[in-house]
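The values are calculated or read from the model by the stated rules, or taken from the named source; none is laboratory data. What you see is a predicted model, and the numbers here were worked out from it, not measured in a lab. FYI the Cβ positions are ideal-geometry reconstructions off the backbone, even for glycines, and counts take in every protein chain you see.
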Amino acid sequence: MMDHCNDFLSWLDPDTSLKIFKCLDDPADLVRVSCVSRTWRGFVVENGLSKQLCLRMFPQLSRVACVVELNQNGVKGHTEVGSSRSMESLALWKDHRVFSYFARSCLSPDAMDCIAKAIGASSTDNFPQESIDHTLEERDNIAGRFSYWSSSGQSNPNVPETLTYQLASQICIITEINIQPFQAHFQMGSPIYSAKSVRFKMGHLKASLNDLADEMFVWTYTSPEFPMAQKFKLPEPVLCIGGILQIELLERVQRQEMDGLLYICVSHVQAQGIQLSPAFTVDILGPSGMFVLKRDHRANCQPSVTSENESGAMITDGDFQQIVTILRGHVMGLGAVDGWDEEEYEVDDFDEDNVL
């Protein structure tokens, strides 16, 4: 039987072969076919199939201007020398390595809370007793005091509120967001100060905080508007580039009996997902929103809290204080799996008559 088997790549035209390979939607399957032979591996690399798979998984990667590999000394690998053809081949292999590792890293089953700290709220009723910082604490009661954030009171139910957070990783995947509205057991009837609906935004800080004519963030993802619930499973996993999450709380429904004003209060916020730093980091390229995707060979994708002093789109202490001041001043909206190396692909060519 084996005498009559052949490699279909030698029988089909390139377009048909490409359609077949594009049916692979699991990164592990793409790695497996890359290990079949040098012919198959070359086909995968030359057609950028690993990159195309990542783009299908996360459309936000369409903003990647280029990818960079950092070697053991923390500098760019693969000095670009030689003919333009050899340089193009090196670039294809580099893209293949980075995007293959990226796709595999995104399948880690180890989801965790990705929020590192609160940046600020659009308003706060009593600061700091009811600040946004309390939403990072899972307990509703600490040392005999209720732990929650409260907006300022409004007579207009349509005045929205926003809660803005910095994530623990410069680049991460968010799959689920949990919000616990606050129930005021110390008030008559134990009212729940919830919003009617909610929306999520993810993105990065602008290159400069000096230009405040517009918002200080660039949003690369905005969710649909969801009816308020405690758990929100996003329609698809979202790649957050830049590490900023904003929660928009829309329409007030609970009026406080004491002053007759409408409030929104939240006890706890959690963003479940996968942190891709330190194995991957990004450099935002100015106002264009394009970014450089960097893979560091010295690190794997085990969850880690990224240092606030890391270069790129992370927020410095000065930036953080300025953002908090701005957000308090007005209401926003009004007006780990280990990777693999190329050595694993180093398989000998075989007799193509014995394939499949």
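Selection of the stretch 51-71 for residues being out of contact with any His (no Cβ under 8 Å at 6 or more places or on another chain) and either in the same structural domain as Pro235 (by TED's automatic domain parsing) or farther than 23 Å from Gly286 by Cβ (or both) yields Gln52, Leu53, Cys54, Arg56, Met57. For the stretch 127-151, residues that are in a loop (DSSP other than H, G, I, E, B) and in contact with an Asp or Glu (Cβ under 8 Å, 6 or more places away or on another chain) total 3. Being surrounded by 23 or more Cβ atoms within 10 Å (Cβ to Cβ) and within 23 Å of Phe146 (Cα to Cα), is that true of even one residue in the stretch 235-242? No - not one qualifying residue is present in the stretch 235-242. Return only the number of the condition from (1) closer than 25 Å to Leu276 by Cα; (2) among the basic types (Lys, Arg); (3) at pLDDT 80 or above; (4) surrounded by fewer than 16 Cβ atoms within 10 Å (Cβ to Cβ) that Lys19 does not satisfy. Lys19 satisfies every listed condition except (1). Close contacts from the stretch 236-251, counting a first residue that is over 11 Å from Ile173 (Cβ atoms) and a second that is of a type outside the set (Asp, Glu) and not in a strand (DSSP E or B), with Cβ to Cβ under 6 Å and a gap of 6+ residues or different chains, come to Gly242/Ala313; Gly243/Gln170; Glu248/Pro160; Leu249/Ile264; Leu250/Pro160; Glu251/Pro157.
Conditions (1) buried (at least 16 other Cβ atoms within 10 Å of the Cβ); (2) of a type in the set (A, V, I, L, M); (3) assigned by TED's automatic domain parsing to the domain that holds Thr281, marked per residue:
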position	(1), (2), (3)
Phe127	no, no, yes
Glu130	yes, no, yes
Thr135	yes, no, yes
Phe146	yes, no, yes
Gln154	yes, no, yes
Thr162	yes, no, yes
Ala168	yes, yes, yes
Ile171	yes, yes, yes
Ile177	yes, yes, yes
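Within the group Ala229, Ala207, Ala195, Ala184, which residue is modelled with pLDDT of 90 or more and either in contact with a Leu (Cβ under 8 Å, 6 or more places away or on another chain) or closer than 26 Å to Ala116 by Cβ (or both)?
Numbers: Ala229 fails: modelled with pLDDT of 90 or more; Ala207 fails: modelled with pLDDT of 90 or more; Ala184 fails: either in contact with a Leu (Cβ under 8 Å, 6 or more places away or on another chain) or closer than 26 Å to Ala116 by Cβ (or both).
Checking each option against the conditions leaves just Ala195.
When Val292, Val266, Val282, Val218 are checked against the criterion of being in a strand (DSSP E or B), surrounded by fewer than 17 Cβ atoms within 10 Å (Cβ to Cβ) and aliphatic (A, V, I, L, M), a single residue qualifies: Val292. Contact annotation: residue pairs with Cβ atoms under 8 Å, 6 or more positions apart or on different chains, pairing a residue in the stretch 218-231 that is in the same structural domain as Val266 (by TED's automatic domain parsing) with a partner that is in a loop (DSSP other than H, G, I, E, B), are Val218/Lys206; Val218/Gly242; Val218/Gly289; Thr220/Gly242; Thr220/Gly289; Met228/Ser194. Among the candidates Asp15, Asp29, Asp25, the residue that is in a loop (DSSP other than H, G, I, E, B) and in the same structural domain as Ser100 (by TED's automatic domain parsing) is uniquely Asp25.
Please find, among Ile247, Ile179, Ile192, Ile173, the residue that is within 17 Å of the chain's Cα centre (by Cα) and over 30 Å from Ala299 (Cα atoms). Show your work before the answer.
Details: Ile179 fails: within 17 Å of the chain's Cα centre (by Cα); Ile192 fails: within 17 Å of the chain's Cα centre (by Cα); Ile173 fails: over 30 Å from Ala299 (Cα atoms).
Within the list Ile247, Ile179, Ile192, Ile173, the selection yields Ile247.
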